[in-house]
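Bear in mind that the values in this text are calculations on the coordinates, not laboratory data. Just so it is clear, the structure is predicted and the values come from calculations on it, not from any experiment. Neighbour counts run over all protein chains shown; Cβ positions are idealised from the backbone, glycine included.
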Amino acid sequence: MTASIRGSFSRRALLGLKEPRARAVARIESTCLALNQVMCESCADVCETRAIRFVQRGFVKRPFIDADRCTGCAECVSVCPASSIAIE
């Protein structure tokens, strides 16, 4: 195989391995109601994989996303009253 042809393939492709694909994962923006001391857990309520959990910090629980559990389904995006969740 010539260098020019070899340069157009990744090492994984040459070994017959599939390229790892980036997974979509939810991210919570700073406009989240819970992050601004307003009680809201609507995103966790609809998350079937329980990737979003709330932890008590002060008076209001704060949201955390477990990236390993998140499937990127975007159910949480549709129910967020502040439109504070993005899928990356």
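Values for this structure:
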{"quantity": "For Val55, net neighbour charge (Lys/Arg +1, Asp/Glu -1) across residues whose Cβ lies under 13 Å away", "calculated": "+2"}
{"quantity": "Prolate/oblate/rounded label for region 38-88 (Cα gyration tensor, a/c 1.5)", "calculated": "oblate"}
